[in-house]
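Take a look at the structure below.
The values are calculated or read from the model by the stated rules, or taken from the named source; none is laboratory data. Being a predicted model, the structure only gives us computed values, none of them experimental. Here the Cβ positions follow ideal geometry from the backbone for every residue, glycine too, while neighbour counts run over all protein chains shown. Heads up: the accessible areas ignore ligands, DNA and RNA and are worked out on the full protein's heavy atoms, side chains in. Shrake-Rupley method; radii C 1.70, N 1.55, O 1.52, S 1.80 Å.
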Amino acid sequence: MGCKSSLCTDSNELILSQHLHEKEIDVTIPASEKSTNHSLNTILNRNSRSIEPGKPAFLLKSFCVLMLKSFDNFEELLTVAELWITEIFKSLEDSVALVEDLRTIVSIDSSGNSLIIKHEVDGLRSFERVAWFCQKIQAMVKKTKLEKFKYKHFCKSEEFLMSLGPLTISLYLKLGNEIDCGIGIEKPLDRKQMSQFLSLSSEAKNIATWCNNNGQPIPVSCSFSTLSSKQCINFYIFDGLKEQNFTRGLSAFYHFGAPVPEKLQEIIQEAKSEEANCLLEFDENCISSVSLMTQIFEAPLSILKYLDAPVDEKKWMQFQNIFAVKSISLDLSSDGFLLKQYAWI
């Protein structure tokens, strides 16, 4: 059951899902010759000074403690976070020759209900450590919503990602009322790769239609959840004037969910940069969230009053006290419109 994208009034549904018979959709999106590693790397400043060894792990744990301590399942979430930091993050640190070869992005949304830790690293050719992590937490997690880990699904996802050739890989952990984990790549996809990535979803044709109607934005990264059927694709919108780029990005909300209120549009359009990133999260049946990410001048508390979803003002400001916010995204999900802050450790 769903609602038409242009007439969506049901907060629990984003889109009318269309079931397709094709396994491969013709998505006329060329690989970019201008872009080799965009997505969050485009948004976040790579020129920040290096952080001394040991400090990133400390910052990650402090971030988790501060943002999760209000949860009833805090101890369980912190145990999972500590396992991620000691077994995943530190193994990534050990795998790189230079600090700059490992990039860590943290984010929290305006509701304060979930945080995300994401790592991007060059040169690795296996996600097996993540499979170990997902298997390990199955027995550890009792209170928090956690999908069953399916190793066969993991292997298929890993096989597809590794088939894309030399790349930057990404790993993420999401903590809150539910736990999610995922694997991905940071690399422009060509037409065939894009089609293969979308092929399992009934939304493939709908996504292709939006792309073709909006200047064929470049898909610069994709990821699979290792604990559910969710996938995410990130489009880089950069080849027009600022107003054109943001109009294309904002059109995704209208096409897949609901129009963005005028005041929220104004906030997003106060961006520093002329380009933006549009992220679509979906499963085999429907699109679950739409996001538009960009650089901003600031993310003051006052902007939260324009959201229709509950906000946690304290966590919003605490995040800014710990990190220098590099970007912001406007997100639409079944919870309504949210804002999300991003920083790079």
**Study point:** Above-threshold pairs, the threshold being 26 Å between Cα atoms, out of Lys143/Lys315; Lys150/Lys340; Lys148/Lys174
**Key:** Lys150/Lys340
Revision key, fill the gap. Expressed in µm² per second, the diffusion coefficient of region 55-344 from the Stokes-Einstein equation, with Rh the Kirkwood radius over alpha carbon pairs, at 4 °C and 1.567 mPa s, is 67 µm²/s
Review point. Mind listing the Cα extents of region 224-331 along all three principal axes, in Å, largest one first?
Key: 38, 36, 24
Review point. In nm, to one decimal, how far is the Arg125 label point from the Glu178 one, both placed 7 Å along Cα→Cβ?
Key: 3.5 nm
Study note, to complete from the structure: FRET efficiency (Lys143, Ser62; Cβ distance; R0 25 Å; to 0.05) is 0.65
Exercise for review: Whenever you get a sec, compute what percent of the accessible area on region 55-344 sits on carbon and sulfur atoms (1.4 Å probe).
Suggested key: 50 percent
Exercise for review: Summarise the long-distance tail of P(r) for region 301-345 by giving the % of C-alpha pairs beyond 11 Å.
Suggested key: 68 percent
Revision key, fill the gap. Taking alpha-carbon centroids only, region 105-159 lies from region 264-335 a number of Å equal to 22 Å
Check your understanding: Could the peptides 229-238, 58-67, 144-153 be put in order, highest first, of the mean number of other beta-carbon atoms found within 10 Å of their residues?
Key -> 229-238, 58-67, 144-153
Exercise for review: Specify which residue in the list Ser126, Gly165, Ile207 is farthest towards the positive end of the charge dipole of region 55-344, using unit charges on the beta carbon of Lys, Arg (+1) and Asp, Glu (-1), about the Cα centre.
Suggested key: Ser126
Exercise for review: Enumerate the amide H contacts of Lys230 below 5 Å, restricted to partners 5 or more residues apart or on another chain; note that Pro and chain-start residues carry no placed amide H.
Suggested key: Ser225
Review point. If you take the beta carbon distance between Thr79 and Phe160 as r and set R0 to 35 Å, what does 1/(1 + (r/R0)^6) give as a FRET efficiency, to the nearest 0.05?
Key: 0.65
Review point. Rolling a 1.4 angstrom probe over the protein heavy atoms, how many square angstrom per residue are accessible across region 96-190?
Key: 43 Å²
Check your understanding: Quick one: putting +1 on the C-beta of Lys and Arg, -1 on the C-beta of Asp and Glu, what dipole do you get for region 55-344 around its Cα centre, in Debye to the nearest 20?
Key -> 480 debye
Exercise for review: Measure off 7 Å from each Cα along the Cα-to-Cβ vector at Val99 and Ser334, then give the distance between these two points in nanometres to one decimal.
Suggested key: 4.3 nm
Check your understanding: Order of 242-250, 305-313 by packing, highest average Cβ count within 10 Å first?
Key -> 242-250, 305-313
